[in-house]
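Scroll down for the structure; my scribbles are underneath it.
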Amino acid sequence: MAPPASEREHDAMRRALALASRGLGRTSPNPVVGCVVLDVNGQVAGEGWHQYAGGPHAEVEALGRAGDAARGGTAVVTLEPCDHQGRTGPCSRALLDAGITRVVYAVADPTPLATGGARTLAGAGVETVPGVLAAEAEEVNAAWLTSVRRGRPHVTWKYAATLDGRVAAADGTSRWITSAASRADVHLLRARCDAVLVGSGTLRADDPHLAVRDVPGAVQPLRVAVDTEAAAIRPGARILDRAAPTLVAVAEDVPAERTAALAERAEVVRLPRAAGTGLDPFALLAELHRRDVRAVLLEGGPTLAGSLLAVGLVDRVVGYLAPALLGSGAPVLGDFGVGTISGARRLDVVDVTPVGPDLRITAVPRTAEARTAPPRTDAHATATEES
């Protein structure tokens with residue numbers, strides 16, 4: 001049995017997690033992965049991270065920087081090294097070829113084809129230590145892990161509100177409830193996601209742009225507009241510019257002539273309606289997953305947020321609270337089927353951070369309420385997506 005991870009290896013894992021986070025918003029449909037190689041004396045010899053889909057894996061990047069110093073050393077990696085041949089070779093083989101004698105990793109790879117790297121390494125005599133800082137690694141890779149385990153993207157609902165829970169004043173004005181610092185922080189959130197999602201109410205009220213600004217090197221997320229009746233997006237809407245790709249989701253029974261003008265400026269997809277109003281949220285997320293979207297930032301208003309919350313499709317909530325009161329106006333969240341206090345959707349606060357004069361609160365569902373999409377049989381559901 002391999003000795004447990006040392007304090008130096010814990011420190012290396014913290015560094016590997018920080019490296020992995022650099023890939024957020026850039027690697028889908030692959031995971032984000034960081035790796036630190038320690039030499040025989042426990043000193044950092046090389047480090048790397050998976051920077052983009054199709055690019056070198058984190059282990060290969062770190063081994064390349066370590067060179068001969070990797071021989072007899074330790075690889076500390078946020079995800080179990082893969083054990084399959086994709087667009088790049090298996091990381092288990094790369095580690096063996098480099099002479100690594102110990103591998104410390106955080107989370108086991110849940111994909112059927114890629115898992116087994118640790119078993120291969122152990123079979124070759126390499127010490128393997130799993131589960132080091134696993135909770136932190138799960139959080140960094142939440143989007144990819146959600147996609148593998150649940151067959152749908154990970155959804156973060158973001159909103160900005162006053163302390164009394166209003167997202168707009170009685171006259172409909174909402175710019176700006178929160179500060180410039182909070183708005184800049186939202187652009188960092190967008191840059192870490194693959195898609196930004198809004199509904200028809202937000203499209204009408206705010207004419208949102210949804211592209212990332214002032215984040216150097218950011219990959220623009222897919223802008224997704226839920227316009228069920230193809231009636232909310234006006235000609236000249238900001239979301240129809242060329243700053244980022246745009247997908248407009250409409251009901252499958254909407255007449256073609258109603259979407260003709262939209263189709264000239266954006267891609268239009270037709271989806272089934274929900275039992276009540278709007279589009280089927282499961283179908284919407286399945287369509288995004290099919291397009292390799294793994295992380296969705298929901299910036300829609302109270303109706304769209306309520307529709308996803310009602311069926312357990314929100315994985316994280318990020319609220320920006322401004323020290324202001326309105327007393328009336330649009331609420332943060334509309335009716336989503338909770339009629340009594342015992343039915344309240346409870347969350348656990350995982351972070352509270354001042355942002356300028358505002359407060360950013362991050363919370364996750366307290367129980368496993370997020371529902372799984374119907375079983376999938378395509379290659380995305382059965383094969384690793386790291387390549």
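What per residue convex hull volume, in Å³, comes out for the stretch 7-146 when only alpha-carbon positions are used? Could you put the intermediate results ahead of the total?
Numbers: hull volume 12.2 nm³, N = 140.
Expressed per residue, the convex hull around the Cα atoms of the stretch 7-146 is 87 Å³.
Determine, for Asp171, Asp68, Asp280, the number of other Cβ atoms within 10 Å of each Cβ, and report the residues in order from fewest to most. List each step's numbers first, then the result.
Details: Asp171 8, Asp68 11, Asp280 18.
Sorted ascending by nearby Cβ count, the order is Asp171, Asp68, Asp280.
Could you please rank Asp109, Asp83, placing first whichever residue has the fewest other Cβ atoms within 10 Å of its Cβ? Present the calculation step by step, with values, prior to reporting the outcome.
Numbers: Asp109 25, Asp83 20.
Listing Asp109, Asp83 from fewest to most nearby Cβ atoms yields Asp83, Asp109.
Under 8 Å for C-alpha pairs, at least 6 residues apart: give me the relative contact order for the stretch 152-371, rounded to a whole percent. Let's see the in-between values first.
Values: 442 pairs, mean separation 68.7, N = 220.
The value is 31 percent.
Can you tell me the length gained on complete extension of the stretch Arg8 to Val352, counting 0.36 nm per residue apart and subtracting the Cα distance? Display every interim value, and only then the final one.
Details: separation 344, 0.36 × 344 = 123.84 nm, distance 2.89 nm.
Length gained, Arg8 through Val352: 120.9 nm.
If the convex hull of the alpha-carbon atoms of the stretch 175-228 is projected onto planes in all directions, what is the mean projected area in square nanometres?
Here the figure is 3.9 nm², rounded to one decimal.
Which order do Glu257, Glu287 fall in if you start with the one that has the fewest other Cβ atoms within 10 Å? If you can, show how the numbers build up before the last one.
Working: Glu257 8, Glu287 18.
Result, fewest neighbours first: Glu257, Glu287.
With r defined as the distance between the Cβ atoms of Arg71 and Ala18 and R0 fixed at 35 Å, what FRET efficiency is calculated, to the nearest 0.05?
The pair Arg71/Ala18 has a calculated efficiency of 0.85.
Compute the convex hull volume of the Cα atoms of the chain, divide it by the residue count, and report the result per residue in Å³ as a whole number. Walk me through the numbers before you get to the answer.
Working: hull volume 59.5 nm³, N = 387.
Roughly 154 Å³ of hull volume per residue.
Sort the stretch 76-159 into rounded, prolate or oblate with this rule: let a ≥ b ≥ c be the square roots of the eigenvalues of the Cα gyration tensor; rounded if a/c is under 1.5, and if a/c is not under 1.5, prolate when a/b is larger than b/c, oblate otherwise.
In terms of gyration-tensor shape, prolate.
Rg (Å, one decimal) plus Dmax (Å, integer) for the alpha carbons of the stretch 152-371?
Gyration radius and largest Cα-Cα distance of the stretch 152-371: 16.8, 48 Å.
Could you check the simple spin-label distance between Arg290 and Arg149, using points 7 Å along Cα→Cβ, in nm with one decimal?
2.6
Throughout, read-outs are computed from the coordinates displayed, never taken from laboratory work. Computed from a prediction, not measured in an experiment: that's the story for all the values here. Counting neighbours? That spans all protein chains shown, and the Cβs are built from the backbone with ideal geometry, glycine included.
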